[in-house]
Amino acid sequence: MFIQDILGPVISYFIGSIPFGFLIVKMVKGIDIRQVGSGNPGATNVTRVMGKPYGILVFILDMLKGFLPVFIFEHYFAGHEHSLSVIFCGASAICGHTFPLFLGFKGGKAAATSCGVFLWLAPLPLVISAAVWLLIVYISRYISLGSMLSSIVLVICIIMLRNDPFGQGLYLTVFSLFISVFLIIRHKSNIRRLLNGTENKIGKKFKADVSTSSNL
């Protein structure tokens with residue numbers, strides 16, 4: 001019980017708090033990713049500052065921060081009868097990425113880490129959601145728009161495709177709805193820029209120089 005209900009979420013939070021974007025940019029370029037581009041330590045800003053290979057690497061590592069805690073604790077400790085404990089682990093990993101202890105509780109927007117969590121908890125809805133994300137980003141060139149709309153699609157897919165989404169699967173349904181709302185709230189600055197027509201499209205790069213930092 002201690003491992004499932006207390007230690008699991010605590011460890012998950014610390015795993016989620018590992019700032020891979022910050023660490024990789026710091027090690028490779030010697031700069032603080034928070035002072036460049038949008039100032040966000042997530043994969044999107046790393047891509048703009050460092051290029052696509054580094055952005056993909058950070059995305060995969062951030063996704064693993066969400067996947068590994070729920071996989072390990074459900075597979076080895078919790079079991080299906082403790083699904084709420086596993087969901088708490090996923091929520092803690094997402095909170096760790098968003099509010100990381102190691103970066104003064106100012107982290108990324110948790111899209112990649114959330115993908116990792118749902119890759120284990122709801123793989124088919126996640127795959128469909130990811131396909132929608134790719135389509136939206138391909139058409140609009142806006143990563144933020146794809147992230148927000150695909151999170152809504154994830155909730156719809158979980159309700160439509162999972163068995164008994166408002167019975168045995170209620171915890172997962174509520175969790176997916178909460179994460180979708182949370183991601184949209186985290187993108188509030190992007191929403192303002194989308195409405196103003198000033199949101200950055202994919203492919204735009206920033207020079208890796210502190211002097212180019214902004215509050216985008």
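The values are calculated or read from the model by the stated rules, or taken from the named source; none is laboratory data. Note that the structure is predicted; figures quoted are calculated from it, not measured. Positions of Cβ are generated from backbone atoms using ideal geometry, with glycine treated the same way; all protein chains shown enter the neighbour counts.
When you look at Gly116, is it in contact with an Asp or Glu (Cβ under 8 Å, 6 or more places away or on another chain), modelled with pLDDT under 95 and over 16 Å from Leu7 (Cβ atoms), yes or no?
So Gly116 does not fit the description; no.
Mind checking which residues of the stretch 157-185 are within 21 Å of Cys95 (Cα to Cα) and either in contact with a Gly (Cβ under 8 Å, 6 or more places away or on another chain) or crowded, with 20+ Cβ neighbours inside 10 Å (or both)?
Within the stretch 157-185, Leu172, Phe175, Ser176, Ile179, Ser180, Leu183 qualify.
Restricting to the stretch 160-177, name every residue that is free of Cβ contacts under 8 Å to residues at least 40 places away in the same chain and either within 30 Å of Asn200 (Cβ to Cβ) or in contact with a Ser or Thr (Cβ under 6 Å, 6 or more places away or on another chain) (or both).
Matches in the stretch 160-177: Pro165, Leu177.
Yes or no: the stretch 68-75 includes at least one residue that is of a type in the set (Asp, Glu) and surrounded by fewer than 22 Cβ atoms within 10 Å (Cβ to Cβ).
no
Here is a check on your reading of the model: is Leu154 touching a Pro at 6+ places or on another chain (Cβ under 8 Å) and either buried (at least 19 other Cβ atoms within 10 Å of the Cβ) or in a helix (DSSP H, G or I) (or both)?
Yes, satisfied.
Given the options Ile185, Ile159, Ile179, name the one that is more than 18 Å from the chain's Cα centre (by Cα), farther than 19 Å from Leu134 by Cβ and part of a helix (DSSP H, G or I).
Just one listed residue meets the conditions, Ile159.
For Lys106, work out the one condition from (1) farther than 16 Å from Ala43 by Cβ; (2) surrounded by 15 or more Cβ atoms within 10 Å (Cβ to Cβ); (3) of a type in the set (Lys, Arg) it doesn't fulfil.
(2) is the only condition that Lys106 fails.
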